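See structure below.
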Amino acid sequence: MFTAITHSQIYVLDQDQALDFYVGKLGLEVAADIDMGFMRWLTVAVPGHPERQILLERPGAPAMSEETAQQVRELVTKGVMGGHLIFSTDDARKTYETLLSRGVEFTEEPTERPYGIDCGLRDPFGNSIRFTQPKS
């Protein structure tokens, strides 16, 4: 049966702005940036881990009509599309301070949880992002 998850997808409203955020601020790397004519296939990954990529997809053709794409864009803007990413880190407080210095806006500061230290933020489009320093 299945052996891995290779790609996950979230909607973004502007792929260049998404690149600036995910690569420039969060420190991910571009895994693929391909003009397919009908869409731009843009994926990012944690450095050194290209086996798990995040597709930064702009809502639109060919997957949906313009009317549906507009509705999806409105929902993305409201932060209710259900796009969630959870990363792990070795040092949540240091990662928080680094990202804060890069202008990342947080929804929750690093907080002790039963499973480790957890922190929350949103991307420029409303997608929820968390990172966790697992309990050792």
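Only strands (runs of 3 or more DSSP E) whose full extent lies in the stretch 1-73 are considered here, and the ones with at least 3 residues that are of a type in the set (D, E, K, R) are 29-35. Count of the stretch 37-60 residues, restricted to those that are in contact (Cβ under 8 Å) with a residue 24 or more places away in the chain, exposed (fewer than 14 other Cβ atoms within 10 Å of the Cβ) and over 23 Å from Leu75 (Cβ atoms), is 1.
If I go through the stretch 88-121 residue by residue, how many of them are assigned to a strand (DSSP E or B) and not β-branched (Val, Ile, Thr)?
Count: 12.
Do we have any residue at all in the stretch 13-27 that's open to solvent by less than 40 Å² (accessible area, probe 1.4 Å), among the β-branched types (Val, Ile, Thr) and either within 16 Å of the chain's Cα centre (by Cα) or on the phi > 0 side of the Ramachandran plot (or both)? No, the conditions are met nowhere in the stretch 13-27. Might you check whether a residue that is modelled with pLDDT of 95 or more, charged (D, E, K, R) and either in contact with a helix residue (DSSP H, G or I) (Cβ under 7 Å, 6 or more places away or on another chain) or at negative phi (or both) occurs anywhere in the stretch 72-85? Scanning the stretch 72-85 turns up no residue that is modelled with pLDDT of 95 or more, charged (D, E, K, R) and either in contact with a helix residue (DSSP H, G or I) (Cβ under 7 Å, 6 or more places away or on another chain) or at negative phi (or both). The set of residues from the stretch 122-136 being farther than 23 Å from Glu57 by Cα and assigned to a loop (DSSP other than H, G, I, E, B) comprises Lys135, Ser136.
For the structure I just gave you, tell me whether Ala63 is open to solvent by 30 Å² or more (accessible area, probe 1.4 Å), of a type in the set (Gly, Ala, Ser) and free of Cβ contacts under 8 Å to residues at least 40 places away in the same chain.
Spelling it out, Ala63 is indeed open to solvent by 30 Å² or more (accessible area, probe 1.4 Å), of a type in the set (Gly, Ala, Ser) and free of Cβ contacts under 8 Å to residues at least 40 places away in the same chain.
Against the numbered list (1) farther than 23 Å from Leu13 by Cα; (2) surrounded by fewer than 17 Cβ atoms within 10 Å (Cβ to Cβ), Phe87 comes up short only at (1).
If the condition is being open to solvent by less than 100 Å² (accessible area, probe 1.4 Å) and farther than 18 Å from Leu56 by Cβ, then the stretch 102-121 contributes Gly103, Phe106, Thr107, Glu108, Pro110, Thr111, Arg113, Gly116, Ile117, Asp118, Cys119, Gly120.
The values are calculated or read from the model by the stated rules, or taken from the named source; none is laboratory data. As the structure is a computational prediction, the values presented were derived from the model and not from experiment. Counting neighbours? That spans all protein chains shown, and the Cβs are built from the backbone with ideal geometry, glycine included. What goes into the accessible areas is simple: the full protein's heavy atoms, side chains included, and nothing from ligands, DNA or RNA. Shrake-Rupley method; radii C 1.70, N 1.55, O 1.52, S 1.80 Å.
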